[in-house]
Amino acid sequence: MNMYDNENTVQKSFDETYLSEDLLQAQWAEFTELKKVISETYSKKGSPLTLLDIGIGSARIARHLSAIPEMWQMIENYEGTDNAEACIKLAQATAEELHIEDKLKVHLLDAVNLNQLQKKYDLIICTWFTPGNFYPDNFPFNEYNDSYKRLDLSKNEKFTTIFSNAYSLLQPNGEIILGACYIDNGNTRKKQEQSYQKMGMKIITNASDSFTATKEQFWSQRFTKEKIKNYLSFVKPENIVFTPLDPYDYAMQIRIKKE
C-alpha cells in the first residue's frame with residue numbers, strides 16, 4: 001500500500017478545503033516557474049515538446065497548461081505516471097473532461113520502473129512536493145515514534161534510482177524539473193505538520209527528522225542544496241539550478257540539465 005491508495009486521503013490531498021495556504025501558494029509559484037521553463041525549452045527546440053510527468057496525481061499541471069492555448073501548443077505529447085490507481089482514475093477523468101486525450105496519456109507505473117518507458121523526453125517534471133515522497137520500501141509507519149531509531153537520509157537510494165532513470169530518458173539538452181521541494185528547516189517542518197494535521201492525520205516524526213510522516217502513510221522529505229547534489233552525483237553540480245519559490249525558505253524548484 002502507498003500513500004495515495006486510500007481514496008479518502010487522495011480526495012483530501014486534492015481538495016482545497018483541506019490544503020493550507022502555504023501549499024496552495026506553492027502550487028501557483030511552481031506553475032509560474034514551470035511555464036517559464038516550458039517556454040524557454042520550446043524556444044530553444046523550435047518545435048513542440050515531449051513531456052513526462054512523474055506522479056501526475058489529478059493531472060493538475062496538464063489542466064492548467066491546457067487552459068492556456070499559448071502554452072498547450074508548446075506541448076506535443078504529455079505523458080504521466082503514477083503508482084496509485086486512484087490518481088490514474090483522476091488523471092484520466094481530467095483528460096476526458098477537458099477533451100485532451102489526444103495529448104494526455106497516463107500509465108500506472110511505479111516511478112522506480114521508469115526505465116520501462118521506451119521513449120525520450122524534452123522535459124520530465126515531478127511537481128508539488130512529489131520529489132519528497134519517495135521513501136524506503138521498508139519504512140516502519142506503524143512503529144516509528146520518538147523512541148524509534150531515526151532514519152538516516154544521508155542517502156536515499158529510491159530517490160537516486162528514480163531520477164537517474166529519469167535522466168537517462170532525457171533528450172540531449174533536456175531537463176528534469178523538481179518543484180516544489182520542501183527546504184529543510186524548522187519553520188518548514190512546522191508548516192508540513194500543520195498541513196497534514198489539517199487533513200486529519202497523525203504526525204509520527206519529530207524535529208530530529210529531515211522528513212515528515214504520518215500514521216496514514218504520508219511521507220515527505222525536506223531537502224538542502226547539498227543533499228540534492230549528493231543524491232544526484234551523476235549530474236555535474238553546475239547543471240543543477242535552484243530557484244526559490246518564496247521569500248521565506250519554504251519551497252524551491254530544482255532544474256537538472258542534461259548536456
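The values are calculated or read from the model by the stated rules, or taken from the named source; none is laboratory data. This is a predicted model, so every value here is computed, not measured. Quick reminder, even Gly has a Cβ in these numbers, built from the backbone with ideal geometry, and neighbours come from all protein chains shown. Keep in mind that these areas ignore ligands, DNA and RNA; they rest on the heavy atoms of the full protein, side chains included. Shrake-Rupley method; radii C 1.70, N 1.55, O 1.52, S 1.80 Å.
For residues that are of a type in the set (A, V, I, L, M, F, W, C), in a helix (DSSP H, G or I) and more than 13 Å from the chain's Cα centre (by Cα), tally how many sit in segment 112-165. Before you say what the answer is, go through the steps one by one.
Filtering segment 112-165 for residues of a type in the set (A, V, I, L, M, F, W, C) gives 112, 114, 117, 123-126, 128-129, 134, 139, 141, 151, 153, 159, 162-163.
Subset that is in a helix (DSSP H, G or I): 112, 114, 159, 162-163.
Among the residues that remain, those that are also more than 13 Å from the chain's Cα centre (by Cα) are: 112, 114.
Residues meeting the conditions: 2.
Pro172 passes every criterion in (1) in a strand (DSSP E or B); (2) buried (at least 21 other Cβ atoms within 10 Å of the Cβ) apart from (2). When Glu259 is tested against (1) modelled with pLDDT under 95; (2) under 27 Å from Leu19 (Cα atoms), exactly one condition is not met: (2). Residue count for segment 225-240, restricted to those that are out of contact with any Phe, Trp or Tyr (no Cβ under 7 Å at 6 or more places or on another chain) and open to solvent by 50 Å² or more (accessible area, probe 1.4 Å): 7. Of all the numbered requirements in (1) touching an Asp or Glu at 6+ places or on another chain (Cβ under 6 Å); (2) under 23 Å from Met252 (Cα atoms), Leu49 misses one, and that requirement is (2).
In the set (1) crowded, with 20+ Cβ neighbours inside 10 Å; (2) free of Cβ contacts under 8 Å to residues at least 40 places away in the same chain, the condition left unmet by Lys36 is number (1).
Looking only at residues in segment 177-220 that are of a type in the set (S, T, N, Q) and in a loop (DSSP other than H, G, I, E, B), which one is surrounded by the fewest Cβ atoms within 10 Å (Cβ to Cβ)? Let's see the steps before the verdict.
If we filter segment 177-220 for residues that are of a type in the set (S, T, N, Q), which is where we start, we get 185, 187-188, 192, 194-195, 197, 205-206, 208, 210, 212, 214, 217, 220.
Among the residues that remain, those that are also in a loop (DSSP other than H, G, I, E, B) are: 185, 205-206, 208, 210, 217.
Values: Asn185: 15, Thr205: 23, Asn206: 13, Ser208: 8, Ser210: 22, Gln217: 19.
So, considering only residues that are of a type in the set (S, T, N, Q) and in a loop (DSSP other than H, G, I, E, B), the one surrounded by the fewest Cβ atoms within 10 Å (Cβ to Cβ) is Ser208.
Of all residues in segment 58-81, those that are open to solvent by 10 Å² or more (accessible area, probe 1.4 Å) have Cβ atoms under 9 Å from Cβ atoms of residues that are aromatic (Phe, Trp, Tyr) and part of a loop (DSSP other than H, G, I, E, B), 6 or more apart or on another chain, in Arg60/Trp128. If I ask for residues that are assigned to a loop (DSSP other than H, G, I, E, B), open to solvent by less than 70 Å² (accessible area, probe 1.4 Å) and over 16 Å from Phe129 (Cβ atoms), which ones from segment 241-259 would you list? Across segment 241-259, the qualifying residue is only Lys258.
Inspect segment 88-97 for any residue being open to solvent by 30 Å² or more (accessible area, probe 1.4 Å) and small (Gly, Ala, Ser) and give the result as yes or no. Steps first, answer last, please.
Of the residues in segment 88-97, the ones open to solvent by 30 Å² or more (accessible area, probe 1.4 Å) are 89-90, 92-93, 96-97.
Within this subset, residues satisfying the condition of being small (Gly, Ala, Ser) are 93.
Looking through segment 88-97, at least one residue is open to solvent by 30 Å² or more (accessible area, probe 1.4 Å) and small (Gly, Ala, Ser).
Results for (1) of a type in the set (A, V, I, L, M, F, W, C); (2) within 13 Å of Ile256 (Cα to Cα), shown as yes or no for each residue.
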| site | (1), (2) |
| --- | --- |
| Phe159 | yes, no |
| Ser168 | no, yes |
| Gly179 | no, yes |
| Ser210 | no, no |
| Glu226 | no, no |
| Leu232 | yes, yes |
